[in-house]
Protein chains: 2
Amino acid sequence: MSLHVHKYGGTSVGTAEKIKGVAKKLVQEKKSTQHDLVVVVSAMSGETNRMTELAKQMQHRPSAKQMDVLLSTGEQVTIALLCMALEELGQEATSYTGGQVKIVTDDAHGKARIEEIQTTNIQADLDNNRIVVVAGFQGVTASGAITTLGRGGSDTTAVALAAALKADECRIYTDVDGVYTTDPRVEPKARRLDRITFEEMLEMASLGSKILQIRSVEFAGKYNVPLRVLSTFVEGEGTLITYEDDEMEKALISGIAFNRDEAKVTLAGVPDMPGVASAILKPISDANIEIDMIVQNIAEDKTTDFTFTVHRNDYEKTMQILQNICAELGAKNVDGDNKIVKVSIVGVGMRSHAGIASQMFTALADEGINIRMISTSEIKISVVVDEKYLELAVRTLHESFGLSGE
Amino acid sequence: MSLHVHKYGGTSVGTAEKIKGVAKKLVQEKKSTQHDLVVVVSAMSGETNRMTELAKQMQHRPSAKQMDVLLSTGEQVTIALLCMALEELGQEATSYTGGQVKIVTDDAHGKARIEEIQTTNIQADLDNNRIVVVAGFQGVTASGAITTLGRGGSDTTAVALAAALKADECRIYTDVDGVYTTDPRVEPKARRLDRITFEEMLEMASLGSKILQIRSVEFAGKYNVPLRVLSTFVEGEGTLITYEDDEMEKALISGIAFNRDEAKVTLAGVPDMPGVASAILKPISDANIEIDMIVQNIAEDKTTDFTFTVHRNDYEKTMQILQNICAELGAKNVDGDNKIVKVSIVGVGMRSHAGIASQMFTALADEGINIRMISTSEIKISVVVDEKYLELAVRTLHESFGLSGE
């Protein structure tokens, strides 16, 4: 018997009608495929905000431990309602909170990590032809405290359950019908991908594709759980996220990712001596500012220009810190720009093909787009360009790498 | 160290402001009395209805098991919010769901009975000077399924915890400031009682005083937990429910209870032979109709008149059943009246005093009130009178037995 784990997010179970729709879908799926089904659900959309508002009225900075007790009720409501809807359709179902499964986590409240999942009871329910409905996003510590897994935690629950139960596929139902070559709002010619590798998906996700949380993709890759993203509301095959295979290598580039939230700062004319990078970055990291790209060039006069990017929200703070360091290090000056964006091409195919970078830079140059920074990894090349060029850059690269289809 | 268990119902924790008010009250109480405090809370008022409405949209007759999963989230929200409010005031607190405590119950979903309570963790928290906040109304089966205790279940949780922890007092905070000699809406001279016995409270409760659920009073009596009913919103000592002591015997009668929901039916001229009562009552009980008072008189012609009372909602159905039996048993006729009420005097003092009944009947007769039925127990005398006499009867008895004070 084949086992599938399905996950439905908050918008997919946002109303009584939608929950009944999910129940109908599941019963049909079970009838037509004979798959064993485990279903992971989120809180009804809006519930988490409602509860967070209540919490803020109680406590200036609500305790993470009690927030977990509070927020975990959201999914508990959904599992009960979905089981009722399934029973109404004549399908027997069992509900589980994270604690009832047990999904054992560490005690990092609000962002707990799964340590162990007990599957005996769920397996027994599946053997009795029941649909198993599990509350996403939540777990329990070894000593019995309720925890939550943080943003996108329901995806993580689904993938972790799929791994623990050795499921044949983990399906993430959401409000988009798959992973696209780029954001269709920027490039209307963007196409849905039938397949993408875990590595590519990680690069796409971390670059701003908000479909799946990075942790769940990492988890799926680690335990080799085939992951499929598809729409709750529209029929279709979605996008399968899996390991690289021969067919995939044919495509040089799978997609174009971009990030609008970046800002770029430069400390220019820093005397080039050992420890200078650390002297610059230490106070930034002490201020809890995360750094994305870093570029350093050595000039002929034995000084160096040190450039990096941060989240746009941290721009002012970063500039201030650098002003202080500037004097200390005897650097020339501090420069910054918060009107920049990052555009990246992602694809496992580039590993085995030379010339991808030059094709990218040429395509951008032909459109008169000035590249301000470059950073590369094995399956990704990112460039920083002026904000105003975002759409042009994305469309140009989409066309140049043949993603726009026929 | 003295230990008090407090219970706050849905209206007492119905808004964010009210929860903060309860937190303030608890912190003051702890400071001024140095008591260890365990607090049992209900769901915020309105939440249970909201969730029941959702459930009805899912399933024609929502499964009791899933209703428990659903409804138990209500108290879980309250425990989290109350702990946050306590922490905001600098008071450390720990929250427990029923399952976390563990409050182990049988598996009668929707009306489960408590079988065992584990107190080790709670005791450890109290020893660390923390306030312990427990979700009322809920428990967990030995195999881990979530259960609820049914109507008034939070009172039962509080009393059961008080018994298990050997608390010095269990305080039920509600929207009335104590137990009264009778309903003040009927007799404005009604007085709050400082003390009442468990037995009297049971008779008052079952006769329509809706302050405390019968089960929690029984439980408190059984385990000798002193129970105090008092107002969340008004300062005062409330009413202590406890075992009989010398002082109490001075009062003959503690209160006047009444019930407007009764109807009376009579099967007249039934041949008086063995098994006749059972032949009459069996089909009534088979129809799930509950019987309250029963009176049977034997006439000189060897026939009997058999009279009993039922809830007014069951009146029509009962009359129909009796019409059928009437022919079978060869009885004369069926008679009924759904415009009657029951008025009772309750008091442990009547045990040791003759003449209470005659004083009651004389007082009513002096006002021209005709008594239609009489029923007595050790600490209670009930009469059935025409509905129109309710107020007059209650006030007359309240005055006659000296309950109206100076």
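So the values come out like this:
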read-out	value
Test item: B:94-105 mean partner chain Cβ contacts at 10 Å	3
Sequence-separation-based contact order of segment B:3-175, relative, with Cα cut under 8 Å and 6+ spacing, percent	30 percent
Heavy-atom accessible area order for A:366, A:125, largest first, 1.4 Å probe	A:366, A:125
GluC sites (Glu not before Pro) lying in DSSP loop within segment A:302-401, provided at most 15 other Cβ fall within 10 Å	A:367, A:378
Fraction of alpha-carbon pairs over 15 Å apart in segment B:94-167 - percent	47 percent
Considering only segment B:3-175, percent of DSSP beta bridges that pair antiparallel, nearest 5	25 percent
Dimensionless Rg ratio for the protein assembly as shown, taking C-alpha atoms and the 2.2 N^0.38 Å reference	1.28
Ascending list, in nanometres, of distances separating the residue A:362 label from those of the other copies (7 Å, Cα toward Cβ)	12.0
MRE, 222 nm, helices only [DSSP H, n ≥ 4, -39500 (n - 2.57), over chain B, to nearest 500]	-11000 deg cm²/dmol
Which of B:132, B:54, B:205, positive extreme of dipole for chain B (C-beta unit charges)	B:54
For residue B:287, inter-copy label distances in nm, listed shortest first [label point 7 Å out on the Cα-Cβ vector]	8.2
Using alpha-carbon coordinates, inclination of helix A:356-366 to the longest axis of chain A, degrees	70 degrees
Accessible surface ranking that places the most exposed of A:302, B:189, A:7 first, with a 1.4 angstrom probe	A:302, B:189, A:7
Residue (of B:12, B:170, B:157) at the positive-pole extreme of segment B:3-175, dipole from beta-carbon charges	B:12
Mean separation of Cα contacts under 8 Å (6+ apart) over length of segment B:359-406, as relative contact order %	36 percent
In sequence order, calculated HN-Hα J values of segment A:147-163 (Karplus, 6.51, -1.76, 1.60; Hz; x Gly/Pro)	10, 10, 8, x, 3, x, x, 5, 4, 4, 4, 4, 5, 5, 5, 4, 5
Interface area, B with A, accessible, probe 1.4 Å, both sides summed, Å² nearest 100	3100 Å²
Packing-based ranking, highest mean first, of A:280-288, A:174-182 given that Cβ atoms within 10 Å are counted	A:174-182, A:280-288
Calculated log₁₀ intensity ratio I(q)/I(0) where the Debye formula runs over C-alpha points of chain B, q = 0.11 Å⁻¹	-0.92
Residue of B:59, B:123, B:138 that the Gaussian network model of chain B assigns the largest fluctuation, springs spanning Cα pairs under 10 Å	B:59
Length-normalised contact order for chain B - Cα pairs under 8 Å, 6+ apart - percent	14 percent
Using a 7 Å Cα-to-Cβ projection, residue B:391 label spacings across copies, nm, ascending	7.6
In segment B:222-277, the GluC sites (Glu not before Pro) that fall in loop regions by DSSP, at most 13 other Cβ within 10 Å	B:235, B:237
Nearest-to-axis residue of chain B, judged by beta-carbon position, where the axis maps B onto A, in Å	B:73, 2
Among B:329, B:227, B:267: highest mean-square fluctuation, GNM of chain B, C-alpha pairs under 10 Å	B:329
Debye, to nearest 20: dipole size of chain B, +1 on Lys, Arg Cβ, -1 on Asp, Glu Cβ	880 debye
Accessible-area value, residue A:254, 1.4 Å probe, nucleic acids and ligands omitted, Å²	10 Å²
C-alpha center-to-center spacing [segment B:86-104, segment A:85-125] in angstrom	23 Å
Assigned charges on the beta-carbon of Lys, Arg, Asp, Glu; the protein assembly as shown dipole about Cα centre (debye)	540 debye
Amide hydrogen neighbours beyond the local backbone of residue A:171, cut-off 5 Å, H modeled	A:5, A:6, A:7, A:228
In degrees, nearest ten, helix B:315-329 long axis to first principal axis of chain B (Cα)	40 degrees
Rounded percent of accessible protein surface that carbon and sulfur make up, the protein assembly as shown, 1.4 Å probe	46 percent
Exposure ranking of A:173, A:389 by accessible area [1.4 Å probe, largest first]	A:389, A:173
In degrees, nearest ten, helix A:276-286 long axis to first principal axis of chain A (Cα)	40 degrees
Occluded residues from segment B:21-67, i.e. those whose accessible area drops by 30 Å² or more once the chain is not alone (1.4 Å probe)	B:50, B:54, B:57, B:58, B:59, B:66
Most mobile of B:117, B:379, B:325 in a GNM of chain B (Cα contacts under 10 Å)	B:325
Cβ-placed point charges (K, R +1; D, E -1), dipole of segment B:3-175 about Cα centre in debye, nearest 20	380 debye
Whole-Å distance, taken between Cα centres, linking segment B:259-306 and segment A:328-406	93 Å
Whole-number accessible area per residue in Å² for segment A:1-92, which is evaluated in the context of all protein chains at 1.4 Å	38 Å²
Rh (Kirkwood; distinct C-alpha pairs) - segment B:3-175, Å	15.9 Å
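The values are calculated or read from the model by the stated rules, or taken from the named source; none is laboratory data. Everything numeric here is computed off the predicted structure, so don't read it as measured data. In this analysis, Cβ positions are derived from the backbone assuming ideal geometry, glycine residues included, and neighbour counts consider all displayed protein chains. Heads up: the accessible areas ignore ligands, DNA and RNA and are worked out on the full protein's heavy atoms, side chains in. Shrake-Rupley method; radii C 1.70, N 1.55, O 1.52, S 1.80 Å.
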